[in-house]
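Here's the structure we're looking at; comments come further down.
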């Protein structure tokens, strides 16, 4: 399949606000991205089956009332469950970023340890610091993870902006997530070690978890924003990198989307 034939769906509406950046990320990776309001999917005007990649984006769906991602997840669960199950069963890709990650955990699509995508077993809780955090973070990719989106990556930087980003799960669920290498990326300090202290770990996330995938590696959620680091000029220190002759061709976030598009094009 030609990359341009890969169709990425960016669901919009109800307080989400990262649709343009996310669509731009997929387009930069070679795909054709389309922004579709959730109501158009619920009404049946559009169908998930039209697309190869589904993205739940960042923002503040329903004002974060009742908990970030909760109301949006319920809308999806009670109106699009059959379509979503078929989408995943067909081997297609799903990414949830920030509010989208919160939505995926509340749906039960992550970590979905037993292939049950609609029973919640993890969540993103309020940051330990007690405030909304808008910053940059350093992340280490788990090379043993089956995650499609993180293949070939190592240590990167991404921006983050959230008030509820602390990954939590029961000890039993956390143990299985770790044993099956479903942790795709972690917050790390400047030395590359898992970050346990603020601000390198911006939210107090258990085991420094910044993102996880399901056992297939095709459903992925993370709290930092890869779509917000597509250009090297997004970085706060780009002028120093330029002066040192080390300005990269693109931002660290692009690779996530390239991996997804390449996977679909090749399969």
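Things to note:
- Exclusive hit being assigned to a loop (DSSP other than H, G, I, E, B) and modelled with pLDDT of 95 or more, set 34, 49, 85, 45: 45
- The stretch 214-231, subset part of a loop (DSSP other than H, G, I, E, B) and under 9 Å from the mean Cα position of the chain (by Cα), residue surrounded by the fewest Cβ atoms within 10 Å (Cβ to Cβ): 225
- Annotation note: Cβ proximity below 6 Å between a residue of the stretch 108-136 that is on the phi > 0 side of the Ramachandran plot and a residue that is assigned to a loop (DSSP other than H, G, I, E, B) and buried (at least 19 other Cβ atoms within 10 Å of the Cβ) (sequence gap 6+ or interchain) occurs for 108/117; 112/214.
- Selection of first residues in the stretch 177-204 that are at positive phi and surrounded by fewer than 18 Cβ atoms within 10 Å (Cβ to Cβ) and of second residues that are modelled with pLDDT of 95 or more and assigned to a loop (DSSP other than H, G, I, E, B), restricted to Cβ pairs under 8 Å at least 6 apart or on distinct chains, gives the following pairs, ordered by first then second residue: 181/142; 181/144; 181/145; 181/146.
- The stretch 232-267, residues that are out of contact with any helix residue (DSSP H, G or I) (no Cβ under 8 Å at 6 or more places or on another chain), assigned to a loop (DSSP other than H, G, I, E, B) and touching a residue at least 60 places away in the same chain (Cβ under 8 Å): 236, 267
- Pairs are defined by a Cβ separation below 7 Å, a sequence spacing of at least 6 or placement on different chains, a first member in the stretch 148-161 that is touching a residue at least 12 places away in the same chain (Cβ under 8 Å), and a second member that is assigned to a loop (DSSP other than H, G, I, E, B) and surrounded by fewer than 19 Cβ atoms within 10 Å (Cβ to Cβ); the pairs so defined are 155/192.
- Single residue of the stretch 89-118 satisfying the filter (out of contact with any helix residue (DSSP H, G or I) (no Cβ under 7 Å at 6 or more places or on another chain), in a loop (DSSP other than H, G, I, E, B) and modelled with pLDDT of 95 or more) that is surrounded by the fewest Cβ atoms within 10 Å (Cβ to Cβ): 90
- Any hit, the stretch 18-29, residues being in contact (Cβ under 8 Å) with a residue 12 or more places away in the chain, crowded, with 21+ Cβ neighbours inside 10 Å and in a strand (DSSP E or B): no
The values are calculated or read from the model by the stated rules, or taken from the named source; none is laboratory data. These numbers were taken from a predicted model, which means no experiment stands behind them. All Cβ positions, glycine included, derive from the backbone under ideal geometry; neighbour counts span all protein chains shown.
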